[in-house]
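**Student:** My questions all concern the structure below.
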Amino acid sequence: MRSWQLVEFGAPLRENTTEPPQPRSTEVLLRVRACGACHSDVHLWQGSFDLGGGKKLSFAQTMPLPFTLGHEICGEVMALGPDAQPIPLGAKRVVFPWIGCGQCDMCRSDREHCCIPRQSIGTKRHGGFGDWVLVPHARYLLEYDSIPDELAATYACSGLTAYSALKKVSALTQEDWLLLIGAGGVGLSAINVAALVTPARVLVADVNAERRRAALAAGATAVIDNADADALAEVKRLTGGNVWAAIDFVGRPETVQFALDSLHRGGSLILVGLHGGALSLPLATIPPRMLTIRGSQVGTLAEMRELMALARAGRVPPIPIETRPLSRATQTLEDLHAGRITGRVVLLP
């Protein structure tokens, strides 16, 4: 088994060779066929989240090193534990990685992604930046039929995160506007899925011209450079002030503020991005504007089943994907951090 592991926060990933793991109990062993690189991997690689004001949330105490990153995984079933549910050897499956403890109320009510002692693959359990990965139970494996490996893998995070965030948007009409901030891998996935969830028109804001072009190609009604000095006025002109919901896939203070300033009275902001920083809000303005601010992270197993059913039926257009060998994992994390990637880079062992 070859894997590219995090051995020191912020340092290049190191190739490591070991014996393949053996599945126990209900575990399933997959040979990895593809693993997407996500911006969350960048934060884990760097070792902390930026909380603003010079404060950071460190992973040093919660992520023992060396560790194998990677949570957008698809693979081929190679071995079953003695208590595993029957599944054909050689079957291709995409992995739902957002696994909980299996014992708490959250896990028993299909909200494993809200479990406190979560055991997610690629963040708590060794992930897909390697040849093999252990999945604790067959229920976390979903069929993807003839969908290409590199595309199927992205549904585990960028697709699921976008789909779950869109489902949190309140009912909108064809006359309403939905503002999406950030047209990276998750933002482009949201554009592709939006029409399946809401009839609203989609306005996409991104500071990168190439990503704005990609957003238009994916079906956005209009795009805007939110770094432009007249960006807010342009939003008002394009939408008539009729932005009822915004999803921020970036998560910087300036993008959150832009979203709040763009919203109609009574609108809602769904915050997904984890770029970091802190935001100061005049609290007395929130109740009169009747704003809703809600966080959204990944999604449920049921939502992923819904998304995979749509994808297998050919109803979800593909996002732009670049494949790279797994040996370029460190460079890919660097490129993600620098904003040099449009769509998704998927690593192939």
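The values are calculated or read from the model by the stated rules, or taken from the named source; none is laboratory data. As the structure is a computational prediction, the values presented were derived from the model and not from experiment. Note that we place each Cβ from the backbone using ideal geometry, even for glycine, and neighbour counts take in every protein chain shown.
**Student:** Can you tell me which residue among 305, 294 is among the charged types (D, E, K, R) and either assigned to a loop (DSSP other than H, G, I, E, B) or farther than 21 Å from residue 178 by Cβ (or both)?
**Tutor:** Numbers: 294 fails: either assigned to a loop (DSSP other than H, G, I, E, B) or farther than 21 Å from residue 178 by Cβ (or both).
Result of the check over 305, 294: 305.
**Student:** Might you let me know whether the stretch 194-202 holds any residue that is in the same structural domain as residue 45 (by TED's automatic domain parsing) and without any contact (Cβ under 8 Å) to a residue 60 or more places away in the chain? Spell out the reasoning first.
**Tutor:** Restricting attention to the stretch 194-202, the residues satisfying the condition of being in the same structural domain as residue 45 (by TED's automatic domain parsing) are none.
The answer is no, given that none of the residues of the stretch 194-202 is in the same structural domain as residue 45 (by TED's automatic domain parsing) and without any contact (Cβ under 8 Å) to a residue 60 or more places away in the chain.
**Student:** I need the full set of residues from the stretch 313-349 which are within 19 Å of residue 192 (Cβ to Cβ), among the aliphatic types (A, V, I, L, M) and in contact with a Lys or Arg (Cβ under 9 Å, 6 or more places away or on another chain), in order please.
**Tutor:** 319, 321, 345, 346
**Student:** Here are 36, 70, 52: which of them is over 20 Å from residue 298 (Cα atoms) and not β-branched (Val, Ile, Thr)? Step through it out loud before you land on a result.
**Tutor:** Numbers: 36 fails: over 20 Å from residue 298 (Cα atoms); 70 fails: over 20 Å from residue 298 (Cα atoms).
Step by step, each of 36, 70, 52 is checked, and only 52 is over 20 Å from residue 298 (Cα atoms) and not β-branched (Val, Ile, Thr).
**Student:** Applying the selection to the stretch 245-291, what residues are part of a helix (DSSP H, G or I), touching a strand residue (DSSP E or B) at 6+ places or on another chain (Cβ under 9 Å) and modelled with pLDDT of 95 or more? Working first, answer last.
**Tutor:** Initially, the stretch 245-291 is screened for residues part of a helix (DSSP H, G or I), giving 253-262, 283-289.
In the following step, the residues that additionally are touching a strand residue (DSSP E or B) at 6+ places or on another chain (Cβ under 9 Å) were identified as 253, 255-256, 258-260, 262, 286.
Across the stretch 245-291, the qualifying residues are 253, 255, 256, 258, 259, 260, 262.
**Student:** Follow-up question, since we're still on this one. Restricting the search to the stretch 77-104, which residues are modelled with pLDDT of 95 or more, out of contact with any helix residue (DSSP H, G or I) (no Cβ under 9 Å at 6 or more places or on another chain) and assigned to a loop (DSSP other than H, G, I, E, B)?
**Tutor:** The answer is 81, 82, 83, 88, 89, 90, 91.
**Student:** Now for a different question. Which ones in the stretch 324-349 are over 15 Å from the mean Cα position of the chain (by Cα), surrounded by 14 or more Cβ atoms within 10 Å (Cβ to Cβ) and in a strand (DSSP E or B)?
**Tutor:** Hits for the stretch 324-349 are 324, 347, 348.
**Student:** Can we say residue 241 is under 30 Å from residue 120 (Cα atoms), of a type outside the set (Ser, Thr, Tyr) and not in a strand (DSSP E or B)?
**Tutor:** Details: under 30 Å from residue 120 (Cα atoms): no; of a type outside the set (Ser, Thr, Tyr): yes; not in a strand (DSSP E or B): yes.
So residue 241 does not fit the description; no.
**Student:** From the residues in the stretch 232-261 that are surrounded by fewer than 21 Cβ atoms within 10 Å (Cβ to Cβ) and in contact with a helix residue (DSSP H, G or I) (Cβ under 7 Å, 6 or more places away or on another chain), which one is nearest to residue 290 (Cα to Cα)?
**Tutor:** Here the answer is 261.
**Student:** Quick check, is residue 74 over 25 Å from residue 334 (Cα atoms) and not in a loop (DSSP other than H, G, I, E, B)?
**Tutor:** No.
**Student:** Only one residue in 28, 42 is modelled with pLDDT of 95 or more, surrounded by 19 or more Cβ atoms within 10 Å (Cβ to Cβ) and more than 23 Å from residue 330 (Cβ to Cβ), so which one is that? Even if it seems obvious, please write down each step before you answer.
**Tutor:** Numbers: 42 fails: more than 23 Å from residue 330 (Cβ to Cβ).
None of the other options fit; the residue is 28.
**Student:** Let me confirm something: among 220, 215, which residue is in a helix (DSSP H, G or I) and over 18 Å from residue 38 (Cα atoms)? Can you show your working first?
**Tutor:** On the way: 220 fails: in a helix (DSSP H, G or I).
Unique residue meeting the criteria: 215.
**Student:** Which of the strands (runs of 3 or more DSSP E) contained wholly in the stretch 1-68 include at least 2 residues that are touching an Asp or Glu at 6+ places or on another chain (Cβ under 9 Å)?
**Tutor:** Numbers: elements: 2-5, 14-17, 28-37, 48-52, 55-58.
Answer list for the stretch 1-68: 2-5, 28-37, 55-58.
**Student:** Look through 328, 305, 315, 340 and report the one residue that is charged (D, E, K, R), in contact with a helix residue (DSSP H, G or I) (Cβ under 8 Å, 6 or more places away or on another chain) and in the same structural domain as residue 93 (by TED's automatic domain parsing).
**Tutor:** Values: 328 fails: in contact with a helix residue (DSSP H, G or I) (Cβ under 8 Å, 6 or more places away or on another chain); 305 fails: in contact with a helix residue (DSSP H, G or I) (Cβ under 8 Å, 6 or more places away or on another chain); 340 fails: in contact with a helix residue (DSSP H, G or I) (Cβ under 8 Å, 6 or more places away or on another chain).
Just a single option satisfies the conditions, and that option is 315.
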